[in-house]
Amino acid sequence: MDTSEDILQQASPDLVRGSDKARPAKAARLSPSFISWLQAGPMMLVFLAFFLIPLVFVVIVSFWDYNEYQLLPAFSGRGYTDTFEGCIAQLPDLCTIAKTYLKTLKLCFLVWAITLFIGFWVAYFLAFHVKSKTWQMGLSLLCTIPFWTSNVIRMIAWIPLLGRNGLVNSGLMRIGLVNQPVEWLLFSEFSVVLALVHLFTFFMVVPIFNSMIRIDKSLIEAAYDAGATGLQTLLNVIIPLAKPGIVIGSIFVITIVMGDFITIGVMGGQQIAAAGKIIETRVNALQFPAAAANAVILLVITFLIITMMSRIVDIKKEL
């Protein structure tokens, strides 16, 4: 008579074969690729519904015709021709729309350069001079304090400081540096750049800090052991390894500043033209195809800038 051990020995190969047959079926039902698509699905739907579809509609509307009071759903390039009307006739002088886009690029470049300078050194201090992880996180979160209030409140807060009778002018006159209020402190390009830097430096600090915090400190020690100076270590070790954060932060700042019109309008006293301001003006005039055409032009310019910056470093590979 077979003992219980003999029965288990005879049954075990069948059990093993059965489990081996069941595993592929289960793996096929829950393959890693299926799980990945399942996880990315909700975000893809949000991206499709709130970015791609509206973007397609903007491009379509930019080629519609229009008159003073309604849209005409017929193919037309009037939105683009009206935007650049008279530009060819004014050559070699620049037309108003060309000057406006150049002014936008100038403001964007100034804000990008200043935020990059400030953001890089703030991130450098947090990553290499603050030793405690707790303090690093705490000080990085301190940079978010301006976001506790709305953009409008933060912009309006500059007016009592920079105005003709503001604290800065009063202080300068009191100590005798100027005899009359400085006019260019408010409602000028200076105030616009100052407000934009104040608003968006955080978007440069965080990506650069995230890149620097991942740098292996032994690489820096090896550079010093090899006789490199602090400047050589910065240029040859830290900056190359922090490029992904620099590029990501730059993309954040550039895309936001290129389309901003509220800050430029408030801090510029409605006197400084920008690409975003053109779109707002067209929308207020119910010229939606012309507004969509300017939005497409602005999008193309921004995309070209981002493409050029992305060639500096392969962000996907580095991250």
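The values are calculated or read from the model by the stated rules, or taken from the named source; none is laboratory data. Since the structure is predicted, the reported quantities are computational estimates derived from the model, not experimental observations. Heads up, the Cβs are rebuilt from the backbone with ideal geometry, glycines too, and the neighbour counts pull from every protein chain shown. We work out accessible area using only protein heavy atoms, side chains counted, and drop any ligands, DNA or RNA first. Shrake-Rupley method; radii C 1.70, N 1.55, O 1.52, S 1.80 Å.
Tabulated results
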quantity: Test for Phe120: is it at pLDDT 85 or above and open to solvent by less than 50 Å² (accessible area, probe 1.4 Å); calculated: yes
quantity: From the options Leu161, Leu142, residue that is more than 25 Å from Gly269 (Cβ to Cβ), without any contact (Cβ under 8 Å) to a residue 40 or more places away in the chain and not acidic (Asp, Glu); calculated: Leu142
quantity: Test: Leu55 is assigned to a strand (DSSP E or B), open to solvent by less than 90 Å² (accessible area, probe 1.4 Å) and of a type outside the set (Val, Ile, Thr); calculated: no
quantity: Residue list for segment 281-300, filter: under 14 Å from Phe84 (Cβ atoms) and open to solvent by 30 Å² or more (accessible area, probe 1.4 Å); calculated: Arg282, Val300
quantity: Qualifying residue in segment 194-209 (condition: open to solvent by 60 Å² or more (accessible area, probe 1.4 Å) and free of Cβ contacts under 8 Å to residues at least 24 places away in the same chain); calculated: no
quantity: Hits in segment 129-145 - residues which are under 25 Å from the mean Cα position of the chain (by Cα) and either surrounded by 14 or more Cβ atoms within 10 Å (Cβ to Cβ) or assigned to a helix (DSSP H, G or I) (or both); calculated: Gln136, Met137, Gly138, Leu139, Ser140, Leu141, Leu142, Cys143, Ile145
quantity: Verdict on Ala223 being open to solvent by 20 Å² or more (accessible area, probe 1.4 Å), more than 16 Å from the chain's Cα centre (by Cα) and of a type in the set (Gly, Ala, Ser); calculated: no
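To keep it simple, each residue is scored yes or no on (1) surrounded by 18 or more Cβ atoms within 10 Å (Cβ to Cβ); (2) aliphatic (A, V, I, L, M); (3) more than 20 Å from Val111 (Cβ to Cβ).
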{"residue": "Gly227", "(1), (2), (3)": "no, no, yes"}
{"residue": "Gly230", "(1), (2), (3)": "no, no, yes"}
{"residue": "Pro244", "(1), (2), (3)": "yes, no, yes"}
{"residue": "Ile248", "(1), (2), (3)": "yes, yes, no"}
{"residue": "Lys277", "(1), (2), (3)": "yes, no, no"}
